[in-house]
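The values are calculated or read from the model by the stated rules, or taken from the named source; none is laboratory data. Bear in mind the structure is a predicted one, so any value in this text is a computation, not a measurement. Cβ: placed from backbone, ideal geometry, glycine included. Neighbour counts: every protein chain shown. These area figures cover heavy atoms from the full protein model, side chains too; ligands, DNA and RNA do not enter into them. Shrake-Rupley method; radii C 1.70, N 1.55, O 1.52, S 1.80 Å.
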Amino acid sequence: MSEQVKLTSAEKFDLITRDLDEVLGSDLIKGILEKDERPLRAYWGTAPTGRPHVGYLVPLTKIADFLRAGVEVKILLADIHAFLDNLKAPIELVRHRVQYYRMILTAVFHAIGVPTDRLEFVVGSSYQLTEAYNMDNYRLCASVTEHDAKKAGAEVVKQVSSPLLSGLLYPGLQALDEQYLGVDFQFGGVDQRKIFTFAELYLPRLGYAKRAHLMNAMVPGLKGSKMSSSDSGSKVDFLDSPKDITKKIGDAVCAEGEVEGNGVLAFARSVLFPISRLRNESAEMGAPPREEDGASRPLTHPEAPKGALLSIIRPEKYGGNVHYTDYASLEKDFAEKRLHPADLKKAVSTAINTLLEPVQKFYQTSEEFQKVKNEAYPEEAPVKKPKKEKKVNPRFAHLIPKSKGGTAESEEAAAAAVEAEKTEQVEASGKENPNPADNSKVGLENLKIDDVETTVGKSKDEDAQV
Ligand SMILES: N[C@@H](Cc1ccc(O)cc1)C(=O)O
């Protein structure tokens, strides 16, 4: 935001907390704003695992509000967390993923009109390997119960049948980050809530201040469930082509008149309306985004009136054009069947394509960016498939019925075996490990720790309430 507009502390507080799902510690934030002696400091962390998808637009847009309210924001690229979480990012790929995240997030920030010169990117390992941080980690480990660590990570760390110790360390390191990044509040999705309350409980036990926590709602996937990196049909990647985007939106769950579980409406509400509003506000406040970023282009139709946030363009005989200035009216029209799913889908895919055009242009014109992407996600680089007969891995031979009758069933089983084999190859190639709990790859499968007799009795200590 322009420095020309001076906000009161109450206005700043409203801007910082608008559209959020939950705020813990608002008094702490108000206190610093009212004192007005120094800027508020905050961070948002992301672990560079799978490729970021358009669901990230929600926190990134919110960060724009923080900056306008004068908050100093750090973006943590949590490389160590990326492999602590069940090796989601294999150690040898993680530095490339850090680079990829930095580049794509910067491009997206520009596309939505957020000036990145006021953001500070910090890589987790730049301070998480220091003596002081490690000693604090050990101190924390000597205070946190296993129960609390497990519970804190339950919605963030991948839950598997044979959990690794690294997943238990994850919440503790995230709590320490608040101290080491020197912030007043941490911002993240509501999925981080248990880690946030864990940090509120445990940081003071190490003698550190309890921080405030701000949470955004999660964006539902296009199929009505949570938007997830592992289900490519339910998410839109920042680098998906306009054609792919139109197809994904076209296939999304969007039954006529149904608001509940409607992925397209949810996307419009949580992503498009806020970004559109941000653009309008920037223009009004005399701080339009830089022309070269493409972020000054409205997501609405060129003929849309001032204040419009999303335009439905359709022939007169189907009701003519409508320009919505708020989400509630769009939802109402949809619920009352005055807005057809096909028209909504068209408007949403046009808006996403407009929004992402500068990101994709940057990708297409930057050889460095392309190189980084291929290094970070090597299995996605085009590989020439050698033409050879599909052999079935003996490990999966049990999926093939004994009789080679050529029935549909046996073909299905053979396909399943080939599929299983492919999955294994993908895992071996360093792709995000879909089932890292299968510890056979690290030679742990025969280690039956439970067989070892233990002299340690059950702790009588009550687990702290997280
Ligand atoms: N837990 C965050 C990543 C993160 C890691 C460390 C932090 O300090 C903050 C955030 C996620 O789910 O992506």
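Assorted remarks:
- 3J(HN,Hα) from dihedral phi, region 72-89, Karplus parametrisation 6.51/-1.76/1.60, rounded to Hz, x for glycine, proline: 8, 10, 10, 10, 8, 9, 7, 5, 5, 4, 4, 9, 4, 7, 6, 6, 3, 10
- Computed magnitude of the charge dipole of region 50-93 (debye, nearest 20; Cβ of K, R +1, Cβ of D, E -1): 180
- Label-point gap, in nm, between Leu7 and Glu258 - each point 7 angstrom along Cα→Cβ: 3.9
- Using the Cβ-Cβ distance between Cys141 and Lys306 with R0 set to 56 Å, the FRET efficiency from 1/(1 + (r/R0)^6) comes to roughly 0.50.
- For region 169-209, carbon and sulfur atoms together expose 51% of the accessible surface, with a 1.4 angstrom probe and every protein chain in place.
- The relative contact order of region 29-90, computed from alpha carbon pairs under 8 Å that lie at least 6 residues apart in sequence, is 43 percent.
- 5 angstrom amide H check on Gly189, placed H, neighbours 5+ away: Asn216
- Taking amide H as placed 1.01 Å from N in the peptide plane, the amide H of Glu22 sits under 5 Å from that of Met215, each at least 5 places away or on another chain.
- Region 36-174 - accessible surface per residue (Å², probe 1.4 Å): 37
- Unit charges on C-beta of K, R, D, E only; dipole of region 104-159, Debye: 160
- Computed 3J(HN,Hα) for region 161-175, one whole-Hz value per residue from the Karplus formula 6.51 cos²θ - 1.76 cosθ + 1.60 where θ = phi - 60°, is 6, 10, x, 7, 4, 4, x, 6, 6, 3, x, x, 5, 5, 5, glycine and proline marked x.
- Share of carbon and sulfur in the accessible heavy-atom surface of region 74-164 [1.4 Å probe, %]: 56
- Each residue of region 130-146 was assigned a 3J(HN,Hα) from its phi angle through the Karplus curve 6.51 cos²θ - 1.76 cosθ + 1.60 (θ = phi - 60°); the sequence is 6, 4, 4, 5, 5, 5, 5, 4, 5, 4, 5, 4, 8, 10, 7, 7, 4 Hz, with glycine and proline shown as x.
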